[in-house]
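The values are calculated or read from the model by the stated rules, or taken from the named source; none is laboratory data. None of these values were measured; they are calculated from a predicted model. Methodologically, a virtual Cβ is constructed for each residue, glycine included, from the backbone with ideal geometry; neighbour enumeration extends over all protein chains shown.
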Amino acid sequence: MGTLAQLYIIAILISHGLLLIYTLWRRNQQREGFYWTLAGSILAAAASAVYFLPEDWLLANSLGRVFPLTLLLSGTLIAFGGLILGDMDYHQPRPITRRIWLVFSALWPILYAVLAFSNNNGEPYTGVFDAGATPQAIVALGGAALGGIFLIAVGFINFWAANIPEVANRALYWTLGVGIMLLGIALMTTGELIPAMLGMAVLLLGIAGAVNGYTSYRVFDIRASISTILRTLILTVGTGAVIFGAMYLVNGLELSSDLQDALVLGVLALIIAAIYVPARQILEMLFRRLILPKRANPALVTREYAQRVATAQDLKSLAVIATDALNQLMGIRRSTIILVNGTSSDENEIELLIMPNKENGKEQRASLRRGGPIFRILAGNRRPITQFDIEYDPECREVAVSELDFLRSLGMHAYA
C-alpha cells in the first residue's frame, strides 16, 4: 500500500475520531441509542484500520485480514441496526423486531467465525468475494443481505404506517442510511484497495448520517431533496439534449470553408439561445406546478377568510366556518379551534375547550399542566409546536401520558 493510500486511510480515521468526539459532546441523555452509536462508530473505524495490516497477513492458515474486517463490518451493521430499530420504535415499541434483530446479531458473527476457523485449510483470500462459494463467504454475504433487507423492510413499514410527515421522513432517512452502509460494506469486503478506499468513504458517510440522526430529532427533508435532484436532472438532461442536438446538426452539414462554419455556428448559437431560455422557463414552471406543493397566497387567504367568518351567527358556527375556510384556503386536511379556560378548579392546570369542526360536531374538553412542556412552549415561549415535536423533541419528554393521548386523538399536525 502506497503513501497516498495510507494518508487517505489516516484521514478517514481522523474523520471517524471527529464523529466520535461529536457524538460524545452531543450525547442526548433523554434518547436511547448512545451506546449503539458509539459501538458502531468505533467498529467502523477499526474496520478501516484493518487495511494497515499487510495484504499477506494471516491469523491462522488461510484466515487473512478479511476475517477481522468481516467481523468488524458485521458488528457495525448490527450496532446501527440496533440504533435504527430503537429510534423507529421510539413511541410505538415493537418487541418482536428487536428480538429478531438480537437473535440475528448473536448468530450471524458467531456462525461466520465458527465456519471460518473450521474451513481455513485452503488458499488464503483477500476478500469475501474472492473466497468463492465457501460456507463462511455465504454466511458473510447472506448475513449482510438479510440484515439489510430486514432493516429496509422495517423502515418502509414505518414509512407507510406513519401518520406524521416528519416521522415518515425520518423512517425514509434511516432506510436510505442502511442502503449507504450496505454499499460501503460491500465495497470494503471486495479485497481490492481502490474499491475498499471508496467503501471507507461511503461507510463514513452512512455513519455521519446515523450520528446526525441520533444527535438531532429533526433530519433533512428527504422528499424535498429528491424534488431538488429531480429538478436538476430534468434541466441537465434538457440542456444536454439541446447541446448534443446542435453538435449533431453541425457535424451533419458539409460546409466548404471556415467562414461558412463560423456563420452556421453563430446562427445556431443564436437560435439555441432563443429557444433554450424560454424552454427552460417552461420546464421549471411545469415542475413547480406538477411536483412542488402549491403555496397559499397570504393576502388572498386573509381576504377570503375574513369574508367567510363574517357570516357566522354564533360561536359554534364561527368555529366550523373558520376551520373549514382554513382547510380549503391553506390546503390542509383538518384544523380546529382550541379555547383556553383559566378558571379550572385545579390551579396547576388550565382547561381546554376544543370547538366543533366539520369532521367532529361535538365539543371536547381536556386540560394541560401549567408547568408542562406544551404549556411552557405555547404560552411561555410563544412559539408554535408540532405533533412531531411533542412526540420526539427531548424537551417534551415529560409530557403527561393523558396529554399525549389526547393530542394524538385530535389528529392535528401543529398547534399555535
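A few remarks follow.
- Across region 368-393, the number of residues qualifying as surrounded by 13 or more Cβ atoms within 10 Å (Cβ to Cβ) and more than 19 Å from ASN163 (Cα to Cα) comes to 10.
- Residue count for region 384-416, restricted to those that are more than 18 Å from THR336 (Cα to Cα) and in a loop (DSSP other than H, G, I, E, B): 5.
- Being at pLDDT below 85 and surrounded by fewer than 17 Cβ atoms within 10 Å (Cβ to Cβ) is a condition met by at least one residue of region 165-180.
- Residue match in region 337-358 (condition: closer than 22 Å to GLU166 by Cβ and at pLDDT below 75): yes
- Leading residue by the ranking (modelled with the highest pLDDT) among those in region 16-42 that are polar (S, T, N, Q) and surrounded by fewer than 18 Cβ atoms within 10 Å (Cβ to Cβ): ASN28
- Long-range neighbours under 7 Å by Cβ, at least six apart or interchain, first residue closer than 14 Å to LEU204 by Cα and in the same structural domain as LEU43 (by TED's automatic domain parsing) within region 1-26, second assigned to a helix (DSSP H, G or I) and of a type in the set (Phe, Trp, Tyr): ILE9/TYR51; ILE9/PHE52
- Which numbered condition ASN163 misses (of (1) more than 30 Å from ALA414 (Cα to Cα); (2) not in a helix (DSSP H, G or I)): (1)
- Of all the listed residues (THR215, THR175), the sole one being assigned by TED's automatic domain parsing to the domain that holds LEU53 and touching a Gly at 6+ places or on another chain (Cβ under 6 Å) is THR175.
- For region 371-382, a residue qualifies if it is at pLDDT 75 or above and of a type in the set (D, E, K, R), and exactly one does: ARG376.
- Residue check, ALA201 part of a helix (DSSP H, G or I), in contact (Cβ under 8 Å) with a residue 40 or more places away in the chain and surrounded by fewer than 18 Cβ atoms within 10 Å (Cβ to Cβ): yes
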